[in-house]
Structures are given as C-alpha cells and as structure tokens.
1. Would you mind stating whether ILE226 is open to solvent by 60 Å² or more (accessible area, probe 1.4 Å), closer than 30 Å to GLU128 by Cα, touching a residue at least 40 places away in the same chain (Cβ under 8 Å) and touching a strand residue (DSSP E or B) at 6+ places or on another chain (Cβ under 8 Å)?
2. Could you please let me know if GLN106 is in contact with a strand residue (DSSP E or B) (Cβ under 8 Å, 6 or more places away or on another chain), over 28 Å from ALA216 (Cβ atoms), surrounded by fewer than 23 Cβ atoms within 10 Å (Cβ to Cβ) and of a type in the set (S, T, N, Q)?
3. For residues that are under 18 Å from GLY268 (Cβ atoms) and either open to solvent by 40 Å² or more (accessible area, probe 1.4 Å) or part of a loop (DSSP other than H, G, I, E, B) (or both), tally how many sit in region 174-209.
4. Working only within region 131-158, note down all residues that are touching a Leu at 6+ places or on another chain (Cβ under 9 Å) and under 16 Å from THR12 (Cβ atoms).
5. Could you say which residue among VAL95, VAL84 is open to solvent by less than 20 Å² (accessible area, probe 1.4 Å), in contact (Cβ under 8 Å) with a residue 24 or more places away in the chain, farther than 15 Å from GLY14 by Cα and within 21 Å of the chain's Cα centre (by Cα)?
6. For GLU274, all conditions in the list (1) modelled with pLDDT of 95 or more; (2) more than 17 Å from PRO151 (Cα to Cα) hold save one; what is the number of the exception?
7. Can GLY242 be described as in contact with a Lys or Arg (Cβ under 8 Å, 6 or more places away or on another chain) and either surrounded by 15 or more Cβ atoms within 10 Å (Cβ to Cβ) or modelled with pLDDT of 95 or more (or both)?
8. In region 134-170, which residues are under 15 Å from LEU88 (Cβ atoms), touching a helix residue (DSSP H, G or I) at 6+ places or on another chain (Cβ under 8 Å) and either among the hydroxyl-bearing types (Ser, Thr, Tyr) or open to solvent by 30 Å² or more (accessible area, probe 1.4 Å) (or both)?
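The values are calculated or read from the model by the stated rules, or taken from the named source; none is laboratory data. The structure presented is a predicted model; accordingly, all values stated were derived computationally and were not measured. Every residue, glycine among them, receives a Cβ derived from its backbone with ideal geometry; neighbour counts consider all protein chains shown. Heads up: the accessible areas ignore ligands, DNA and RNA and are worked out on the full protein's heavy atoms, side chains in. Shrake-Rupley method; radii C 1.70, N 1.55, O 1.52, S 1.80 Å.
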Amino acid sequence: MTQIAKSIILITGGASGIGKIMGRKCLQRGASHLVIWDINSRSLNQTITEFTSEGFSAHGFIVDVSDADAVHQTASQVCAEIGVPDILINNAGIVVGSMFHEHSYQDIQRTIGINTTAPMLVTKAFMEGIIGRGSGHVVNIASAAAMTPNPRMSVYAASKWAMLGWSESLRLEFEQQSKDMHVTTVTPSYIDTGMFAGVKAPFLTPILDPEEISEAIVQAILTNKILLRKPAVVHLLPILRGILPTRLFDLIAGRVFNVYSSMANFTGRPEKTERTETEQVNL
C-alpha cells in the first residue's frame, strides 16, 4: 500500500484541472509537501497561494516539461530543497483536435513532446533517487485513446499509445528491482474540464466528472492499482480489439458506440489558453 500521508507529491500540470484536484486531495490526506510543475505562471501562483493560505505546504515551479534541460535543473532543485518525491504524477498534456493533414509541424512536435517525452524526462530525472531509496510510486495519466484509433486525434492517440507502452514496461522494471516501487497507469475517457469542449460522448461512455476521476486516481495510488480504466466500458477496448477483425471493430466503435465521430464538433479551449496551459484532460 502506498502512503500519501507524510509523503512528498509532485504533479506536472498541477495548477488546474484534475492535476489541481488531485493535489488538493493528497494534501487533505496528509501529504507533507505538494510540488506543482506547470507552465502557466498565473494559474500556478493562484493555486499555490490558495493551498498555502489553507495551511498546506505547497511549492510551485514554472517548467516546460518537454525541455530536458529545464526538467533536469528543476528536478535537482526539488531534490535539494524539498526531497525526492515519494509519488510522481505525470499529468501534464495537450491535444490538437484536427485532422492529421491540418496539424502543423509544431503541433506534432509539441504534442509528442508533452504527452510522451515529458513523462519519461520527468521520471528519469528522479529515477536515481527513487531507486536509491528503494521506494516510490509513478502515476502516468494516459488515455482511453491509447487503446483505440480516433479521427481528429491521430497525434494525440499516438502519443498516448506510446505512453501506455512505456508506462507498463517501466512497471515491470520497477517490479524486478524492488517490492516497493510501483507504477499506476490511468486510461480515462473524456473528462469534463473544458479542454475537450465540443466533444460528443460515445454511447455508454459518459463524460467523466473531474472530482470523481481524481478521487478514483487517488484511491488507485493508495491500493497500488496497476491499471485504472474509466468509465467501465473502457475495459472492453483491449478485448474487442484483440478478438474482432479490424473492419468489424471499426463498425462497432464507429457506428454503434460513435467513437469515431466524437471529435467532429471539437472546439477545445481558446487558442491562447491552450498554448499556455499544461492541464491534462484525457480521452
């Protein structure tokens, strides 16, 4: 069982959305220090002020998690000033809801950089301390998109497929080295925080409440849960893709569950906001 009480928690993209909610829940459960990494200075300052005014120990760092040098330097600072995180939640992420041919080169690089490379960079930055201590818990917020294709999400889906493969491989490596190093991978469907504004929920796949999914993630940490899939219908994805011919899966996913049309009316956040926030809101 992973203990949140008296633990150092680090959350990327933790100044808003489910990152902020998870941070608050960890503090309420007795975390000794909450460390938030975010690129949005205004949201970060507001969140840190809010938490500290309530008597919690919270520390904020402005970090572009896709920048290896920035990650390494800030991680060194965190270790020196606060300590090696006991629980690391890789939550930051972005989405570009467009057809692939409409993506710019920058869209592609930034999506892969934040959604795929960044969790690896951040985890790597603390690996020596985690392995040396022989304990730690890494939580990777992936996506249900890691298990199914979806039009207008090609690069996002690719980034989350890669994250899922890395996260599960990291888990096995941890288990080979220690009985007290854990990885939890989260694959939620759409979360109602505004980043996926305009999406239409697939059949039998309700848009997730931020408070409820955040609580589920915290509970998964406490119980060392390996995979957290929400809502329940997400459990069907790997089974159906494994046993059905591709065309039949496309028929069921596209015409029965309407997954393939769920992004048709996607609007997302205003462009200016999307480029300054590293909030994770998943499909």
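1. Details: open to solvent by 60 Å² or more (accessible area, probe 1.4 Å): yes; closer than 30 Å to GLU128 by Cα: yes; touching a residue at least 40 places away in the same chain (Cβ under 8 Å): yes; touching a strand residue (DSSP E or B) at 6+ places or on another chain (Cβ under 8 Å): yes.
It is true that ILE226 is open to solvent by 60 Å² or more (accessible area, probe 1.4 Å), closer than 30 Å to GLU128 by Cα, touching a residue at least 40 places away in the same chain (Cβ under 8 Å) and touching a strand residue (DSSP E or B) at 6+ places or on another chain (Cβ under 8 Å).
2. Details: in contact with a strand residue (DSSP E or B) (Cβ under 8 Å, 6 or more places away or on another chain): no; over 28 Å from ALA216 (Cβ atoms): yes; surrounded by fewer than 23 Cβ atoms within 10 Å (Cβ to Cβ): yes; of a type in the set (S, T, N, Q): yes.
Considered against the rule, which asks whether it is in contact with a strand residue (DSSP E or B) (Cβ under 8 Å, 6 or more places away or on another chain), over 28 Å from ALA216 (Cβ atoms), surrounded by fewer than 23 Cβ atoms within 10 Å (Cβ to Cβ) and of a type in the set (S, T, N, Q), GLN106 comes out as no.
3. Selection size over region 174-209: 14.
4. Residues of region 131-158 touching a Leu at 6+ places or on another chain (Cβ under 9 Å): 136-140, 142-148, 150, 153, 156-157.
Of everything in region 131-158, those that are touching a Leu at 6+ places or on another chain (Cβ under 9 Å) and under 16 Å from THR12 (Cβ atoms) turn out to be GLY136, HIS137, VAL138, VAL139, ASN140, ALA142, SER143.
5. Values: VAL84 fails: open to solvent by less than 20 Å² (accessible area, probe 1.4 Å).
One residue alone meets the criteria, VAL95.
6. The single condition GLU274 does not satisfy is (1).
7. Values: in contact with a Lys or Arg (Cβ under 8 Å, 6 or more places away or on another chain): no; either surrounded by 15 or more Cβ atoms within 10 Å (Cβ to Cβ) or modelled with pLDDT of 95 or more (or both): yes.
It is false that GLY242 is in contact with a Lys or Arg (Cβ under 8 Å, 6 or more places away or on another chain) and either surrounded by 15 or more Cβ atoms within 10 Å (Cβ to Cβ) or modelled with pLDDT of 95 or more (or both).
8. Initial filter on region 134-170 (under 15 Å from LEU88 (Cβ atoms)): 135-142, 163, 166-167, 170.
Checking which are touching a helix residue (DSSP H, G or I) at 6+ places or on another chain (Cβ under 8 Å) leaves us with 136-142, 163, 166-167, 170.
Across region 134-170, the qualifying residues are TRP166, SER167.
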